[in-house]
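Participant: Quick one: the structure is below, and I'll ask about it shortly.
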């Protein structure tokens, strides 16, 4: 499952980052790392952008970026 499919309030653990190059580096610099827990706070009406919390920081990601982040849903 990817991050874009999580609904507001759901949590997941990042299992893989499919981005490459500068985008992957930028995500990693923001704390989006394999093994980190990520929570979706809200999703804009058309699904873009997606606001998430990772490492106690709030981030807004484009839907395309979120689709490249594989997560395992936490219960």
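Participant: Starting from residues that are in contact (Cβ under 8 Å) with a residue 60 or more places away in the chain and assigned to a helix (DSSP H, G or I), keep the ones in region 1-14 and report whichever is surrounded by the most Cβ atoms within 10 Å (Cβ to Cβ).
Facilitator: Taking region 1-14 and keeping what is in contact (Cβ under 8 Å) with a residue 60 or more places away in the chain, we get 1-4, 6, 10-13.
Filter once more, keeping what is assigned to a helix (DSSP H, G or I): 3-4.
Details: 3: 23, 4: 20.
So, considering only residues that are in contact (Cβ under 8 Å) with a residue 60 or more places away in the chain and assigned to a helix (DSSP H, G or I), the one surrounded by the most Cβ atoms within 10 Å (Cβ to Cβ) is 3.
Participant: Could you grab me the full set of residues in region 15-29 that are surrounded by fewer than 13 Cβ atoms within 10 Å (Cβ to Cβ) and over 10 Å from residue 69 (Cβ atoms)?
Facilitator: The answer is 20, 21, 22, 25, 26, 29.
Participant: Taking region 42-56, which residues are closer than 10 Å to residue 32 by Cβ and outside any loop (DSSP other than H, G, I, E, B)? Lay out the reasoning, then the answer.
Facilitator: Taking region 42-56 first, the residues closer than 10 Å to residue 32 by Cβ are 52, 54-55.
Across region 42-56, the qualifying residues are 52, 54.
Participant: Among the residues of region 15-29, what is the count of those that are under 20 Å from residue 48 (Cβ atoms) and in contact (Cβ under 8 Å) with a residue 40 or more places away in the chain?
Facilitator: 5
Participant: Please determine whether any residue of region 15-33 is assigned to a loop (DSSP other than H, G, I, E, B), touching a strand residue (DSSP E or B) at 6+ places or on another chain (Cβ under 7 Å) and at pLDDT 90 or above.
Facilitator: No - not one qualifying residue is present in region 15-33.
Participant: Looking at region 38-75, which of its residues are without any contact (Cβ under 8 Å) to a residue 24 or more places away in the chain, surrounded by fewer than 15 Cβ atoms within 10 Å (Cβ to Cβ) and closer than 15 Å to residue 2 by Cα?
Facilitator: Residues satisfying the conditions are 62, 64.
Participant: While we're looking at this one, here's another question. Just one of 52, 32, 43 is under 12 Å from residue 66 (Cα atoms) and in contact with a helix residue (DSSP H, G or I) (Cβ under 8 Å, 6 or more places away or on another chain); which is it? Outline the logic, then answer.
Facilitator: Working: 32 fails: in contact with a helix residue (DSSP H, G or I) (Cβ under 8 Å, 6 or more places away or on another chain); 43 fails: in contact with a helix residue (DSSP H, G or I) (Cβ under 8 Å, 6 or more places away or on another chain).
Criteria check complete, one pass: 52.
The values are calculated or read from the model by the stated rules, or taken from the named source; none is laboratory data. Just so it is clear, the model here is predicted, and its values are computed rather than measured. Virtual Cβ from ideal backbone geometry, glycine too; neighbours counted across all protein chains shown.
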